[in-house]
Amino acid sequence: MTSAGSGLTLLQTCALSLLVFTGASQFALVGALAAGGGPVTAAAGAFFLGVRNAFYGLRLSQLLALPRAVRPFAAQWVIDETAAVSLAQPDRRSARIGFVVTGLSLYLLWNLTTLLGALGAEAIGDTGAWGLDAAGPAVFLALLAPMLRTGTERAVAGLAVLLGLGLLPVLPAGVPVLVAALAAPAVLWAQGRRRSTPRGDAPEGNR
Amino acid sequence: MNIWIAIGVTVLGCYAVKLAGLMVPAGVIERPLVRRLAALLPVALLAALTAQQTFADGQALVLDARAAGVAAAAVALVLRAPFLIVVGAAVIVTAGVRALGG
């Protein structure tokens, strides 16, 4: 992990992975601290990157229908990967299984690699050399594809890609993805307008 | 000490937002508009993340071997290839293009 180079102790590095468990936020925090940022500024950046998990939670709570008592424990596993896998499942049973299996295996793997990395073991080596850095987006793409059933989803995805890439160079890390989330209400709003105009009923795909 | 403060604030903040989404009352979620929105938000987030992981190098946009790999994954998806083939195609094509100096 990159933590070692920024003055974090082994305990602090592992505490981050165990308790934060949102990769992007962890890297942002470590990076900001390494750059000499104050603790609150660094934490604010990490927090921004974590906000999108709330949106996943909103959808997952419908999908998984978890008892209230279980939710505080399930919450720690609400991240990009678990949301993507759960949402790609056809029914509630497999969505629950997908959530638990993805959550548990990632939690164990993530914390194990953090420990190994912090101990200085070059366990993985240079992932870039092998093309493994393309596996992440390919997995997301494969999980996203079945969700793009109608024109609405495709419009949302297309707009989100434009916003996410277009704003990347100009906004701080984590913010472009949050702005891209606005593609969802924007497309819904545009559709609502189109439906309420009596004559403007252009064909809007196969809804 | 400062580092522990930063860690503590991040831990609490990140956990709070995760829990917040899950704890929204069922009554609110059942409303049709919220339902539609909650279904579309992950689509927007995952699409933006996929694009960024493909084209972002820090805060710069680049076109490198990853784009070829993800394009190969997209082709495999269109051909209805199984999940592992899709991911494998991305890895192999990316490594191949990189080996060719792309």
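Centroid-to-centroid, using Cα positions, the stretch A:66-109 and the stretch B:72-102 are 27 Å apart. Using only alpha carbons, chain B has a radius of gyration to Kirkwood radius ratio (Rg to Rh) of 1.14. Placing unit charges on the Cβ atoms of the charged side chains and taking the dipole of chain A about its Cα centre, the candidate lying farthest along the positive direction among A:L148, A:P39, A:Q76 is A:L148. In chain B, if the dipole is taken from +1 on Lys/Arg beta carbons and -1 on Asp/Glu beta carbons about the Cα centre, which of B:A99, B:L45, B:A65 is farthest to the positive end? It is B:L45. Only one residue of A:P137, A:P67, A:Q26 has its Cα farthest out toward the positive end of the dipole of chain A, where Lys and Arg carry +1 and Asp and Glu -1 on Cβ, and that residue is A:P67.
Using C-alpha pairs under 8 Å with a sequence gap of at least 6, the mean separation divided by the residue count of chain B gives a relative contact order of 18 percent. When only the Cβ of Lys, Arg, Asp and Glu is charged (+1, +1, -1, -1), the dipole of chain A relative to its Cα centre reaches about 1060 debye. Largest GNM mean-square fluctuation among A:A15, A:A35, A:A44, using chain A with Cα springs under 10 Å: A:A35. Computed from Cα positions, the angle between helix B:32-55 and the longest principal axis of chain B comes to roughly 40 degrees.
Using a cutoff of 8 angstrom between alpha carbon atoms and counting only pairs six or more residues apart, the relative contact order for the stretch A:148-197 works out to 39 percent. The 3J(HN,Hα) values that the Karplus relation (6.51, -1.76, 1.60; θ = phi - 60°) gives for the stretch A:85-98 are, in residue order, 5, 4, 5, 7, 7, x, 9, 5, 4, 6, 5, 5, 4, x Hz. Gly and Pro appear as x. Rounded to the nearest Hz, the phi-derived 3J(HN,Hα) couplings of the stretch A:104-109 under the Karplus curve 6.51 cos²θ - 1.76 cosθ + 1.60 (θ = phi - 60°) are 5, 5, 5, 4, 5, 4, where x marks glycine and proline. Listed values for the stretch B:67-77 are Karplus-derived 3J(HN,Hα) couplings in whole Hz (6.51 cos²θ - 1.76 cosθ + 1.60, θ = phi - 60°), namely 4, 4, x, 5, 4, 4, 4, 5, 4, 4, 5, and x replaces Gly and Pro. Amide H contacts of B:L61: none lie under 5 Å away among residues 5 or more positions distant or on a separate chain (H built 1.01 Å from N in the peptide plane; Pro and chain starts excluded).
With the simple spin-label model, which puts each label point 7 Å out from Cα in the Cβ direction, the A:L119 to B:Q59 separation comes to 3.7 nm.
Simple point charges give the picture: +1 on the Cβ of Lys and Arg, -1 on the Cβ of Asp and Glu, and for chain B a dipole about the Cα centre of about 280 debye. Using a Gaussian network for chain A with springs between C-alpha atoms less than 10 Å apart, which of these wobbles most: A:R154, A:R52, A:R195? Comparing A:R154, A:R52, A:R195 in the GNM, the peak value goes to A:R195. Contact order for chain A, expressed relative to its length and based on alpha carbon pairs under 8 Å spaced 6+ residues apart, stands at 19 percent.
Rounded to the nearest 10 degrees, the inclination of helix A:183-196 to the longest alpha-carbon principal axis of chain A is 10 degrees. Note on the protein assembly as shown: Cα-only Rg and Dmax are 19.7, 67 Å. Note on A:R193/A:L167: beta-carbon distance plugged into 1/(1 + (r/R0)^6) with R0 of 25 Å gives a FRET efficiency of 0.55. Among B:V24, B:V43, B:V62, which one shows the highest mean-square fluctuation when chain B is modelled as a Gaussian network with alpha-carbon springs under 10 Å? It is B:V24.
Each value in this text was obtained by applying a stated rule to the coordinates, not by laboratory testing. Every value quoted in this text rests on a predicted model; they were computed, and no experiment measured them. Positions of Cβ are generated from backbone atoms using ideal geometry, with glycine treated the same way; all protein chains shown enter the neighbour counts.
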